[in-house]
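Visitor: Shown below is the structure under consideration.
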Amino acid sequence: MKLPVAVIVLAMSLSAAPQMGIVTGNVTGTYIKIGEDIKKIAEPSHISLQVFESAGSIQNVFDVRRKRGVQLGIVQSDVLDYIRDISDDNELKTIAAKLAAVYPLYKEEVHVLGDLSLKTLQDLHGKRVAIGPQRSGTYLTAKTIFFQTGVTPSKEVFLGGKEALDALRKGEIDAMFYVAGAPATLFSEGTTADDKFQLIGVDDKALDSYLTAVIPAGTYKWQESDVKTVAVKAVLITFSYAGEQCQNVAKVAKIIHENKAWLDANGHPKWREVNLDERLPKWPQYECVAATQEQPQPKPKGPNIKIVR
């Protein structure tokens, strides 16, 4: 039986639709929500974008190069510092040399939570400190901060999130690192004044590669004063692909740019902090994306997509 011409044309167009992937973070985190938002706005342009969970920024660096069907990833902006200064993985260094930014995303504050005896970052000398699971974003930030400031804990504990918070409450550790946009749900919902915890300032001149930040008083119910800290940017990255993959990544970047207003209104709240025209030190923008930004952008006539929730 002969198929109708329209069916054949539709089948050909679907088979030609880009099949892409983005590696994000754990299922409860913000990265995966950002990835799902990008998937939504890509679908009307017949781009099939699969969103993958991930163990963290280091794994995402590997995956944008090695994982089948993945061209995009979300990492912390200090991942390059960690790879350059601390990692002894030569394959990781080789891959990192060919990474490029698609867009900077939002700011994530570095939270260091400890007991009331700890006042400054230097007080972590000789203490037991949870720095997140190995290869997680929190882990690489803590390791980089220790390297740059010379702070040396007596023990680095590879716990993150609720597990680290429980260990702190039991007195099994003295402090914990947690990198997340403030207010972090882990602390706003998981701690009270009865815990007698406090945020420790992360304010050191050696950390000049980080963004300065303040966690305002009252961000957490038990927090009585402003706390100076540093922050990282979440960055949408790719590998320096050529040919078809270059074109596909550029298409997704253009779709994000054209739908930024929709993302602000309908996507994760962190989209409202994103400035797509910002450029980050140490992170060159992918040349295939930059080329599309140089072209005149049509003025939007209305929402590009309509999703019924």
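The values are calculated or read from the model by the stated rules, or taken from the named source; none is laboratory data. Because the structure is predicted, anything quoted here is derived from the model rather than measured. In this analysis, Cβ positions are derived from the backbone assuming ideal geometry, glycine residues included, and neighbour counts consider all displayed protein chains. Note: areas computed on protein heavy atoms with side chains; ligands, DNA, RNA excluded. Shrake-Rupley method; radii C 1.70, N 1.55, O 1.52, S 1.80 Å.
Visitor: How many residues are open to solvent by 20 Å² or more (accessible area, probe 1.4 Å) and on the phi > 0 side of the Ramachandran plot if we restrict to segment 108-148?
Guide: Number satisfying all stated conditions: 2.
Visitor: Can you pull out every residue in segment 63-77 that is part of a helix (DSSP H, G or I) and among the charged types (D, E, K, R)? Break it down into steps so the answer makes sense when it comes.
Guide: Taking segment 63-77 first, the residues part of a helix (DSSP H, G or I) are 63-66.
The answer is 63, 65, 66.
Visitor: So in segment 189-205, with the set limited to residues that are open to solvent by less than 50 Å² (accessible area, probe 1.4 Å) and of a type in the set (Gly, Ala, Ser), which one is farthest from residue 179 (Cα to Cα)?
Guide: Filtering segment 189-205 for residues open to solvent by less than 50 Å² (accessible area, probe 1.4 Å) gives 190-191, 195, 197-202, 204.
Adding the requirement that they be of a type in the set (Gly, Ala, Ser) leaves 190, 201.
Working: 190: 15, 201: 14 Å.
Looking at residues that are open to solvent by less than 50 Å² (accessible area, probe 1.4 Å) and of a type in the set (Gly, Ala, Ser), I get 190.
Visitor: Picking from 113, 118, which residue would you name as being in a loop (DSSP other than H, G, I, E, B), more than 19 Å from the chain's Cα centre (by Cα) and not hydroxyl-bearing (Ser, Thr, Tyr)? Talk me through it step by step, then tell me what you get.
Guide: Working: 113 fails: in a loop (DSSP other than H, G, I, E, B).
Exactly one of 113, 118 is in a loop (DSSP other than H, G, I, E, B), more than 19 Å from the chain's Cα centre (by Cα) and not hydroxyl-bearing (Ser, Thr, Tyr), namely 118.
Visitor: Could you check segment 229-267 and list, in sequence order, the residues that are of a type in the set (Lys, Arg) and under 18 Å from residue 106 (Cα atoms)?
Guide: The answer is 233, 260.
Visitor: Go through (1) over 28 Å from residue 273 (Cα atoms); (2) of a type outside the set (A, V, I, L, M, F, W, C); (3) in a helix (DSSP H, G or I); (4) modelled with pLDDT of 95 or more for residue 40 and report which single condition fails.
Guide: Failed condition: (1).
Visitor: Pairs, please: C-beta under 7 Å, at least 6 apart or cross-chain, first residue farther than 28 Å from residue 254 by Cα and in segment 80-104, second open to solvent by 10 Å² or more (accessible area, probe 1.4 Å) and not small (Gly, Ala, Ser)?
Guide: 82/143; 83/93; 85/147; 86/143; 86/147; 87/93
Visitor: Filtering segment 78-107 down to residues that are part of a loop (DSSP other than H, G, I, E, B) and open to solvent by 30 Å² or more (accessible area, probe 1.4 Å), which residue is farthest from residue 172 (Cα to Cα)? I'd like the intermediate steps shown before the answer.
Guide: Narrowing segment 78-107 to residues part of a loop (DSSP other than H, G, I, E, B): 78, 86-89, 97-98.
If we keep only those that are open to solvent by 30 Å² or more (accessible area, probe 1.4 Å) as well, we get 86, 88-89, 97-98.
Values: 86: 27, 88: 30, 89: 31, 97: 39, 98: 41 Å.
Looking at residues that are part of a loop (DSSP other than H, G, I, E, B) and open to solvent by 30 Å² or more (accessible area, probe 1.4 Å), I get 98.
Visitor: Looking at (1) within 20 Å of the chain's Cα centre (by Cα); (2) without any contact (Cβ under 8 Å) to a residue 24 or more places away in the chain, find the lone condition where residue 256 falls short.
Guide: Among (1) within 20 Å of the chain's Cα centre (by Cα); (2) without any contact (Cβ under 8 Å) to a residue 24 or more places away in the chain, residue 256 violates only (2).
Visitor: Collect the residues in segment 33-77 that are open to solvent by less than 50 Å² (accessible area, probe 1.4 Å) and not hydrophobic (A, V, I, L, M, F, W, C), keeping them in residue-number order.
Guide: If we filter segment 33-77 for residues that are open to solvent by less than 50 Å² (accessible area, probe 1.4 Å), which is where we start, we get 34-35, 37-38, 41-42, 47, 49, 51-52, 54, 56-58, 60-64, 69-77.
Once the filter is applied, which keeps residues that are open to solvent by less than 50 Å² (accessible area, probe 1.4 Å) and not hydrophobic (A, V, I, L, M, F, W, C), segment 33-77 yields 35, 37, 54, 56, 57, 60, 63, 69, 71, 73, 76, 77.
Visitor: Exactly one of (1) touching a Leu at 6+ places or on another chain (Cβ under 6 Å); (2) at positive phi; (3) not aliphatic (A, V, I, L, M) is unmet by residue 104. Its number?
Guide: (2)
Visitor: Could you tell me how many of the residues in segment 149-180 are open to solvent by less than 20 Å² (accessible area, probe 1.4 Å) and in contact (Cβ under 8 Å) with a residue 40 or more places away in the chain?
Guide: Of the residues in segment 149-180, 8 are open to solvent by less than 20 Å² (accessible area, probe 1.4 Å) and in contact (Cβ under 8 Å) with a residue 40 or more places away in the chain.
Visitor: Right, another one. Based on what the data block shows, is residue 16 modelled with pLDDT under 95 and open to solvent by less than 70 Å² (accessible area, probe 1.4 Å)? Let's see the steps before the verdict.
Guide: Working: modelled with pLDDT under 95: yes; open to solvent by less than 70 Å² (accessible area, probe 1.4 Å): no.
No.
Visitor: Has segment 238-255 got at least one residue that is in a strand (DSSP E or B) and open to solvent by less than 10 Å² (accessible area, probe 1.4 Å)?
Guide: yes
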